[in-house]
Amino acid sequence: MDPNRDTHATLVDLLDRILDKGLMLNADVIISVAGIPLIGINLKAALASVETMLKYGIWEDWDAAQRAIATEERRRKGVDKLPLQEGEEIILKMFGSHWYSKGIYRSWRPGHLYVTNKRVFLHRKEPAEMLFEATFEDIEGFAMERRKNIAKKETDYLYIFYKSGEIAKLHPTEAYPVKEAIEVRMKELGLSLEERTASMMDEDAAKFLVEDEEVVQKEKMWYLLEHPAPGGVTTKTWKSGKLYLTNKRVCWWYDFDECVAFEASLEGIRGVGIETRDFGGMLKMKRVLAIAYDKGEACFSGDEEAMQKMEEMLRSNVAEDEEMDACPSCGAKAPVQELLGNGCKVCGWVSARVKKMEVIV
Amino acid sequence: MMKKTITETGGDQRVGLYLYGIADADAQTELGPIGIEGNAVYTIPYKELSAIVHDCPLEPYNSEDEETVKGWVKTHQHVLDIAEDKFGTVIPFGFDRIIKPEDNAPANEVLKKWMAEEFDSLMEKIERIRGKKEYGVQIFYLPSVISEKIVEECEEIKKIKEEMKSKGPGAAYMYKQKLETAIKKEIESRMVSYFKDFYERIKQHVEEIKVEKTKKTDEKDKLMMMNLSCLVAEDKYKELGAELEEIDKEEGFSVRFTGPWPAYSFV
């Protein structure tokens, strides 16, 4: 049997979904449609649910009965049961999520975080799945990091370092009690723990850092990525990622593709500056951090504060030495800016642009 | 198609944003005049997500004309189809969800603020539905066929029928009632076991299942006994189809299988 979506009967099914379902929004951000007869009477009749089926048997509230049976079936199958081992006791239970990362499939997966006398795990009820699990013997140490989440609220993230070198990232409602519960239990079991620092936890940076390379500064930044479009044109799109300044280079990590999509050696950097640019459309007068380097120019954008921090760090780490060039007339060496702006001190040559300006003045 | 530059209409205090869905893509792009009433649909990115919207006046789409509404609904669905083709996973919104501007903020700012506040939960929803589609499964039964079957199979009912024959016309009415009650009871208990059986069989092939309200049908002699929304992994819908075909073959039952839909019921 093949699914169908283009007949009259399926239209009812579609109406049912589109008019009644889909993601809900808080009433205060949308135009309220309550009380407005949105759809024609006949359409409403088509969507009406069957309240009674008494004539043919089936209980008055068959719908409620069905749901009760479905819940009962689930319980009988043990879906709702937590997969505890024998002799395992729960010490702490709390809502939390685990950062799952495999190729491009990355996300916070929510469930309940349990600390038991045997292990730490994050379990999701529906559909039932063990999202994260670590026995105390596998744990080498952990670290906490206080970060502002997207809503600018400060929350704590808990990182668990495995002896194998892997790192698990957890976000419990309250990180401290979890950390404490693990510490207490591991002490009881006679296991040692190491306190780690937050700088060791940048999983993305670990993927591209070379030997002896260290992150100096990291900020979340958008990057105006140029990519070829059909017809030989290039289009520019803002992509989200992180801009890193290391002791060797400046590079931008593209979150979605998980790769370094821009890099410039520190020697190659010619200048940095924050300015307002007009990209047209919705991006009129956008504040950008522009980095001029040996292969051209790159544009980044982010929080004003983040851009300023990055600019400052870039300035202090990159010697903005003046680029030298030869005078086109006599060949004497002079800084480029001086040659272009004031002309050659040796032979008196001035650029065509300056000449033009002089005429206007 | 001529490329129209996105104007900053979303920033206007008199403009609302009709919201189709939230896509798992950090794209700022235009989808063309494919929206309701030919409006230009475009995306508003926030971090790794993008809202799919069109600019609209500050009032909901509303009509008493059935065909008009059907047309709007179909267009809403069509935009989501295109968005899914282009971006992959999309959280669908229902019809007529229009973001309004607030005192000091235009609609696009309100939308971005909402996306920022709900970011974690939106990402969770994206993961819940990634690589999956929603299908509707409705199972109908023919009461006449089922009750005939019951009369044939059920010993108790057979007995009442026999007794009925031997009694005079005066007692017939009482027996008829007795018979109806017996059939009704039997149908009830059978429906429960049919429900359990079908539910279990369908469950094997889906990620998540929702029991929806049963609806009226167009055909008089056909009643809906089950109405399920199923979240199905992309490579599993054929398995589900095969299972439903088996159920469809059972005497007195028929199945309607609709979709694939965006995951309206699982967000």
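Think of region B:132-266 as a dipole: +1 on every Lys or Arg Cβ, -1 on every Asp or Glu Cβ, centred on the Cα centre; then among B:VAL255, B:ILE146, B:ILE183, B:ILE183 lies furthest on the positive end. Values of log10 I(q)/I(0) for region B:132-266 across q = 0.13, 0.21 Å⁻¹ run -0.63, -1.19, by the Debye formula with one identical scatterer at each alpha carbon and no solvent. Summarising the amide proton neighbourhood of A:PHE132: residues at separation of 5 or more, or on other chains, whose placed amide H is nearer than 5 Å comprise A:LEU122. Backbone phi angles across region B:180-187, fed through the Karplus curve with coefficients 6.51, -1.76 and 1.60 (θ = phi - 60°), yield HN-Hα couplings of 4, 4, 5, 5, 4, 4, 5, 4 Hz in residue order; Gly and Pro are listed as x.
Hey, what's region B:6-129 come to in accessible area per residue, 1.4 Å probe, Å²? Provide the component values of the computation, followed by the final result.
Working: 4370 Å² over 124 residues.
Per-residue accessible area for region B:6-129 comes out at 35 Å².
For the pair B and A, the buried accessible area comes to roughly 8200 Å² in total, with a 1.4 Å probe and the value rounded to the nearest 100. Relative to a virtual label point 7 Å from the Cα of B:GLU207 in the Cα→beta-carbon direction, which members of region B:214-242 show backbone nitrogen distances below 20 Å? It comes to B:228-242, nothing else.
When the listed pairs A:LYS169/A:LYS239; A:LYS169/B:LYS133; A:LYS125/A:LYS187; A:LYS118/A:LYS179; A:LYS21/B:LYS112; A:LYS333/A:LYS355 are checked against a 19 Å cut-off, the alpha-carbon distance exceeds it for A:LYS169/A:LYS239; A:LYS169/B:LYS133; A:LYS125/A:LYS187; A:LYS21/B:LYS112; A:LYS333/A:LYS355.
A simple spin-label model places the labels of A:MET285 and B:LYS185 8.0 nm from each other, with each point 7 Å out along Cα-to-Cβ.
Using a Förster radius of 51 Å, what is the FRET efficiency between A:ALA292 and B:GLU37 based on their Cβ-Cβ separation? Nearest 0.05, please. Efficiency, rounded to the nearest 0.05: 0.65.
How big is the dipole moment of region B:132-266 about its Cα centre under a simple scheme where the beta carbon of each Lys and Arg is +1, that of each Asp and Glu is -1, and everything else is neutral? Debye, nearest 20, please. If you can, show how the numbers build up before the last one.
Working: 26 positive and 28 negative charges, 130 e Å.
That gives region B:132-266 a dipole magnitude of about 620 debye.
Between B:THR89 and B:ASP24, the built amide H atoms are under 5 Å apart, and every one of these is 5 or more places off in sequence or on another chain. Per-residue SASA remark: A:ARG270, around 110 Å² accessible (1.4 Å probe; ligands, DNA and RNA not included). The residues B:VAL151, B:VAL137, sorted by heavy-atom accessible surface at 1.4 Å with ligands and nucleic acids left out, run B:VAL151, B:VAL137 from largest to smallest.
In order along region A:213-219, phi translates into HN-Hα couplings of 9, 10, 6, 9, 8, 9, 9 Hz, rounded to whole numbers, per the Karplus curve 6.51 cos²θ - 1.76 cosθ + 1.60 with θ = phi - 60° and x for Gly and Pro. Scanning residues 5 or more positions from B:VAL41 or on other chains, those with amide H under 5 Å from its amide H are B:LEU31, B:GLY32, B:ILE34, B:GLY35, with H placed 1.01 Å from N in the peptide plane. FRET efficiency for the pair A:ALA229 and A:ALA206, taken as 1/(1 + (r/R0)^6) with r the Cβ-Cβ distance and R0 = 35 Å, rounds to 0.55.
In chain B, what is the volume of the convex hull around the alpha carbon atoms, normalised per residue and reported in Å³? Display every interim value, and only then the final one.
Values: hull volume 46.5 nm³, N = 267.
Convex hull volume per residue, Cα atoms: 174 Å³.
A convex hull fitted to the Cα coordinates of region B:6-129 yields 99 cubic angstrom per residue. When nucleic acids and ligands are ignored and a 1.4 Å probe is applied, A:SER301 ends up with an accessible area of around 10 Å².
Taking the Cβ-Cβ separation of A:LEU340 and A:GLU188 as r and a Förster radius of 56 Å, what is the calculated FRET efficiency to the nearest 0.05?
Working: r = 72 Å, r/R0 = 1.29.
Computed FRET efficiency for A:LEU340 and A:GLU188: 0.20.
Karplus-derived 3J(HN,Hα) values for region A:166-178, using 6.51 cos²θ - 1.76 cosθ + 1.60 with θ = phi - 60°, are 6, 10, 9, 10, 10, 10, x, 4, 10, 7, 4, x, 5 Hz; glycine and proline are entered as x. With a 1.4 Å probe rolled over the protein heavy atoms of all chains, the accessible area of A:MET94, A:MET313, A:MET186 falls in the order A:MET313, A:MET94, A:MET186, largest first. Of the whole protein surface, B:TYR175 contributes about 20 Å² of accessible area at a 1.4 Å probe radius. With all protein chains in place and ligands, DNA and RNA left out, the 1.4 Å accessible area ranks B:SER147, A:SER192 as A:SER192, B:SER147, largest first.
The values are calculated or read from the model by the stated rules, or taken from the named source; none is laboratory data. A quick note: this is a predicted structure, and the numbers were derived from the prediction, not measured. Note that each Cβ is placed from the backbone with ideal geometry, even for glycine, and that neighbours are counted across all protein chains shown. In case anyone asks, the SASA skips ligands and DNA or RNA and just uses the protein heavy atoms, side chains included. Shrake-Rupley method; radii C 1.70, N 1.55, O 1.52, S 1.80 Å.
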